[in-house]
Amino acid sequence: MNINDGVSHNSHNFSKPCTNPHCFNPNCKCGDQCKCTSENQCDSTEANSHNMHNGSKPCTNPHCNNPNCKCGDQCKCTPNNQCGCNETNPPKINLTKFVDELPIPPVLKPRWKDQFYTYYEVNMTEFKQSLHSELNDTTVWGYEGSYPGPTIEVESGEIVFIKWINNLPDKHLLPVDYTVHGAHMDVPEVRTVVHVHGACVEWESDGYPEAWFTKGFKQVGRYFRKQVYRYDNCNHACTLWYHDHTLGITRLNIYAGLAGFYLIRDQRERYLNLPSGTYDIPLMLQDRTFNKDGSLYYPKQPEQPIPELETSIIPEFIGDTILVNGKVYPYLKVEPRKYRFRLLNASNTRFFRMKLDSGQLMYQIATDGGFMEYPIGVTEIMLSPAERAEVIIDFTNLEGKSIIMTNDAPAPFPTGDPVDENTGTVMQFSVTLPLSSVDTSVIPANMMSLPQLNEQSASRVRYLTLNDNMDKYGREFMLLDNKQWDAPITENPKLGSTEIWYLINLTDDSHPIHIHLIDFQILDRRDFDVEKYNKEGVIHYTGPATPPEPQERGGKDTVRANPKQVTRIIMKFGPFTGLYVWHCHILEHEDWEMMRPFMVIR
Ligand SMILES: [Cu+2]
């Protein structure tokens with residue numbers, strides 16, 4: 001969705017000339033619904049303080065429609081992104097790239113481990129951390145005093161208990177919108193619940209959005225069942241991650257820092273002889289925007305502010321700075337040898353499409369759900385929020401070289417703004433360490449067989465739309481199957497049954513759709529006639545079905561459902577019954593009704 005159309009903070013769908021004397025926008029089409037005041041103009045949006053308001057010369061930009069613009073030749077207006085705003089964006093901060101070393105989160109030590117089970121305790125607290133050496137320390141939230149949280153490493157099949165403990169302040173670090181589901185005034189402002197993304201886990205330990213709890217478990221949500229979660233870890237070796245999942249404030253809790261890696265290892269992985277130990281490195285990619293004082297910036301209002309609300313959720317958050325493992329544009333010193341990297345997109349909205357500026361291949365070995373059948377050499381990796389890919393990068397014979405990982409995914413994806421000189425950069429690999437021993441690790445010829453789920457085995461097909469909608473404040477928001485979070489459960493697959501879901505995307509955005517509990521396989525994507533669907537409710541395909549991209553051929557728990565396409569996925573539900581969720585992993589969408597419960601039944 002392009003929220004920069006700059007016409008109206010009302011609702012975008014009016015077509016009558018404006019009758020509001022306080023509106024200065026000659027293009028306003030809001031009729032008698034225009035809500036402009038002399039201080040709050042509808043052609044003026046937050047983004048457009050892209051000029052920082054500090055110019056004093058008449059504007060020379062022909063694309064600028066703001067008669068009061070004083071940006072001289074510095075005005076950055078485009079036809080779609082107009083300046084003249086009322087909420088001040090923080091001034092753009094240019095932080096020097098590659099001056100801070102990539103942090104690698106510590107591996108969490110269990111409180112107890114014997115042959116039967118392992119027990120961890122994880123405290124959530126607020127603290128200050130340096131995210132870049134030119135920036136004052138930033139107040140963040142983290143697990144065990146670390147952002148990202150410490151990495152939890154377990155063995156496939158290991159029984160693990162974790163007590164997640166909320167020791168956060170009573171006041172939220174970021175602006176809460178009390179109008180979105182689950183975040184009304186009747187609940188405490190600071191609530192948490194932890195979900196291990198991709199975990200095969202009983203529902204009571206899955207981090208249901210209404211199973212939240214406060215400090216000392218003083219107050220809990222209506223689906224809270226236990227203080228100590230149990231993880232059976234029935235997955236093969238894979239890269240999972242844990243993060244907050246509280247109804248209505250997930251976007252804020254994760255943005256504040258509540259995310260970490262959860263790695264499952266197994267015997268097969270060890271037999272593969274991949275780069276391991278210090279050569280096996282998780283990379284959590286995120287975008288943030290900072291205030292001058294180093295604090296995290298998260299908008300209180302969308303670009304078209306909602307005058308009735310002190311704080312309103314925004315359609316998407318796009319940060320202007322990229323961080324890896326909680327550090328802005330870090331560098332990593334590497335040896336001239338092979339490394340295994342576990343890439344995770346943990347941003348709120350931003351997609352990443354990564355390349356190496358050396359032009360060299362990355363060898364992808366795993367998807368969300370673990371190993372692929374065989375490695376594939378790729379020049380770019382695309383990850384929407386919550387997706388993971390594991391790659392081997394070979395720095396052999398590159399002594400002395402510096403290799404930059406770049407990003408060129410527009411934000412929001414696919415029709416948003418292009419990246420700039422900052423957001424187009426992710427991190428740098430500097431091949432400056434001496435080879436400490438001969439590299440005997442390999443890029444295996446094949447990893448494991450992945451039987452394709454057979455379409456004929458599906459006992460149920462579901463047609464599920466991704467929709468645009470409008471709330472009572474005139475804010476555009478997204479739905480799944482045209483239903484809100486609180487509507488009765490409609491997806492109730494039987495334990496052990498196989499289903500095919502048609503994700504029918506009627507919106508202009510690409511949505512990363514995540515289903516809890518299970519891994520699925522992508523069958524295909526296919527263009528269809530959205531207009532005809534809206535009118536007649538039938539899918540009329542306008543192109544051939546395209547198979548998943550090579551880099552998506554493996555177990556997946558998050559899939560990009562592209563605009564104006566039907567994306568088909570197939571999955572078998574189990575091994576647990578109970579209440580789970582499926583949702584868009586753009587966190588602003590998830591928090592604002594693009595999430596639905598589902599129930600696995602006997
Ligand atoms: Cu979405």
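Values in this text are rule-based calculations from the coordinates and carry no lab data. Predicted model only: the values in this text are computed from it and were never measured. Using ideal geometry, Cβ is built from the backbone for each residue, glycine included, and neighbour counts are taken over all protein chains shown.
Going down the list Lys483/Lys572; Lys171/Lys556; Lys226/Lys494; Lys171/Lys300; Lys401/Lys556; Lys109/Lys494, which pairs span over 27 Å between their C-alpha atoms?
Going by Cα-Cα distance, Lys171/Lys556; Lys401/Lys556; Lys109/Lys494 fall outside the 27 Å limit.
I'd like to know which of Leu258, Ile314, Pro330 lies farthest towards the positive end of the charge dipole of the range 239-378, counting +1 on Cβ of Lys and Arg and -1 on Cβ of Asp and Glu.
Farthest towards the positive pole: Pro330.
Given charges of +1 on the Cβ of Lys and Arg and -1 on the Cβ of Asp and Glu, with all other atoms neutral, how large is the dipole of the chain about its Cα centre, in debye to the nearest 20?
On the way: 57 positive and 75 negative charges, 129 e Å.
Taking the Cα centre of the chain as origin, the dipole is about 620 debye.
Identify, among Pro444, Asn233, Leu247, the residue whose Cα sits farthest towards the positive end of the charge dipole of the chain, taking +1 on the Cβ of Lys and Arg and -1 on the Cβ of Asp and Glu, with the dipole about the Cα centre.
Positive-end residue among those listed: Asn233.
Within 10 Å, count the other beta carbons around each residue, average over each peptide in 482-488, 567-573, and list them highest first. Don't jump to the answer; show the numbers that get you there.
Details: 482-488: 14.0, 567-573: 21.4.
For the peptides 482-488, 567-573, the packing ranking is 567-573, 482-488.
Using the Cα centre of the range 421-523 as the reference point, and only Cβ charges (+1 on K/R, -1 on D/E), how large is the resulting charge dipole? Debye, rounded to the nearest 20.
Details: 6 positive and 13 negative charges, 68 e Å.
With Lys and Arg at +1 and Asp and Glu at -1, about 320 debye.
For an R0 of 41 angstrom, estimate the FRET efficiency from the Cβ-Cβ distance between Glu121 and Asn291 and round to the nearest 0.05. Could the numbers behind the result be given before it?
Values: r = 33 Å, r/R0 = 0.81.
In this case the efficiency is close to 0.80.
Where the eigenvalues come from the Cα gyration tensor of the range 527-589, what are the semi-axes √(5λ) of the equivalent ellipsoid, largest first, in whole Å? Each step should come with its number before you reach the end.
Working: eigenvalues 128, 58, 35 Å².
In descending order, the three semi-axes are 25, 17, 13 Å.
Using θ = phi - 60° and the Karplus form 6.51 cos²θ - 1.76 cosθ + 1.60, what ³J(HN,Hα) does each residue of the range 122-129 get, whole Hz, x for Gly and Pro?
My calculation for the range 122-129 gives 10, 9, 9, 9, 9, 7, 9, 8 Hz in order.
Charges on Cβ only, +1 for Lys and Arg, -1 for Asp and Glu, centred on the Cα centroid of the chain; of Gly424, Ser276, Ala487, which one is farthest towards the dipole's positive end?
Ser276
Using θ = phi - 60° and the Karplus form 6.51 cos²θ - 1.76 cosθ + 1.60, what ³J(HN,Hα) does each residue of the range 523-536 get, whole Hz, x for Gly and Pro?
Those phi angles translate into 7, 6, 10, 8, 5, 8, 8, 5, 4, 5, 5, 4, 7, 10 Hz.
Assuming 0.36 nm per residue, please report the length gained on full extension of the stretch Asp186 to Glu399 beyond their Cα-Cα distance.
Working: separation 213, 0.36 × 213 = 76.68 nm, distance 5.95 nm.
Computed gain between Asp186 and Glu399 is 70.7 nm.
At 222 nm, what value in deg cm²/dmol follows for the chain if DSSP H runs of at least 4 each add -39500 (n - 2.57) and the sum is divided by all its residues, to the nearest 500?
Values: 4 runs with 23 residues, N = 602.
Value at 222 nm, helices only: -1000 deg cm²/dmol.
Would you please classify the overall shape of the range 112-271 from the alpha carbon gyration tensor, given that a ≥ b ≥ c denote the square roots of the eigenvalues, rounded means a/c under 1.5, and beyond that prolate means a/b larger than b/c while oblate covers the rest? Write down the numbers at each step before the final one.
Values: a/c = 2.08, a/b = 1.37, b/c = 1.52.
It comes out oblate by the Cα gyration axes.
Relative contact order of the chain: what whole-number percent is it, with Cα pairs under 8 angstrom and at least 6 residues apart?
Working: 1629 pairs, mean separation 75.5, N = 602.
It rounds to 13 percent for the chain.
For the pair Lys128/Arg270, report the inter-label distance in nm, with labels modelled 7 Å from Cα in the Cβ direction.
It is 4.4 nm.
Gain in length, Thr96 to Ser459, computed as 0.36 nm per residue apart minus the alpha-carbon separation, to one decimal in nm?
Values: separation 363, 0.36 × 363 = 130.68 nm, distance 5.54 nm.
This chain segment gains 125.1 nm when fully extended.
According to a simple spin-label model (label point 7 Å from Cα along Cα-to-Cβ), what is the distance in nm between Thr379 and Arg230?
In this crude spin-label approximation the distance works out to 5.1 nm.
Classify the range 317-435: rounded, prolate or oblate, from the alpha-carbon gyration tensor (a ≥ b ≥ c, eigenvalue square roots; a/c under 1.5 rounded; otherwise prolate if a/b is larger than b/c)? Kindly include the intermediate steps, with their values, before the conclusion.
Values: a/c = 1.97, a/b = 1.32, b/c = 1.50.
Verdict is oblate for the range 317-435.
Tell me, what ³J(HN,Hα) does each residue in the range 163-171 have, in order and in whole Hz, if you take phi through Karplus 6.51 cos²θ - 1.76 cosθ + 1.60 with θ = phi - 60° and put x for Gly and Pro?
Values per residue, Gly and Pro as x: 9, 8, 10, 8, 10, 7, x, 7, 9 Hz.
Nearest 0.05, what FRET efficiency do Val220 and Ser497 give at R0 = 35 Å with Cβ-Cβ as r?
Details: r = 32 Å, r/R0 = 0.92.
Once rounded, the FRET efficiency stands at 0.65.
Could you tell me the largest-minus-smallest coordinate of the C-alpha atoms of the chain on each of the three principal axes, in descending order and whole angstroms?
On the principal axes, the chain reaches 74, 58, 55 Å in Cα extent.
Using the crude model of +1 on Lys and Arg Cβ and -1 on Asp and Glu Cβ, and no other charge, please compute the dipole size for the range 455-600 relative to its Cα centre, in debye to 20.
500 debye
For the ranges 309-319, 176-186, what's the packing order if you count other beta-carbon atoms within 10 Å of each residue, average per peptide, and put the highest first?
Packing order, densest peptide first, comes out as 309-319, 176-186.
Mind ordering 350-363, 464-477 by average Cβ neighbours within 10 Å, highest first? Walk me through the intermediate numbers first.
Working: 350-363: 19.1, 464-477: 17.3.
Top to bottom by mean Cβ count within 10 Å: 350-363, 464-477.
Which FRET efficiency value, to the nearest 0.05, is calculated for Lys109 and Asp417 with the Förster distance at 45 angstrom and r the Cβ-Cβ distance?
Numbers: r = 43 Å, r/R0 = 0.96.
In this case the efficiency is close to 0.55.
Between rounded, prolate and oblate, where does the range 96-182 land on the alpha carbon gyration tensor, with a ≥ b ≥ c its root eigenvalues, rounded for a/c under 1.5, else prolate if a/b exceeds b/c? Numbers along the way, then the final one.
Details: a/c = 2.60, a/b = 1.34, b/c = 1.94.
The shape class here is oblate.
Give me the Å³ per residue figure for the convex hull around the C-alpha atoms of the range 455-539. Before the final figure, lay out each step's value.
Details: hull volume 11.8 nm³, N = 85.
About 139 Å³ per residue, rounded to a whole number.
Can you pull a Stokes-Einstein diffusion coefficient for the range 455-600 at 4 °C (1.567 mPa s), Rh from Kirkwood over Cα pairs, as a whole number of µm²/s?
Numbers: Rh = 15.6 Å.
After rounding, the answer is 83 µm²/s.
Check which residues have an amide H placed less than 5 Å from Asp368's amide H, if you skip close sequence neighbours.
Counting only residues 5 or more places away or on other chains, the set is Arg388, Asp557.
Using label points projected 7 Å from each Cα along Cα→Cβ, tell me how many nm separate Ser436 and His540, to one decimal.
The two pseudo-label positions are separated by 6.3 nm.
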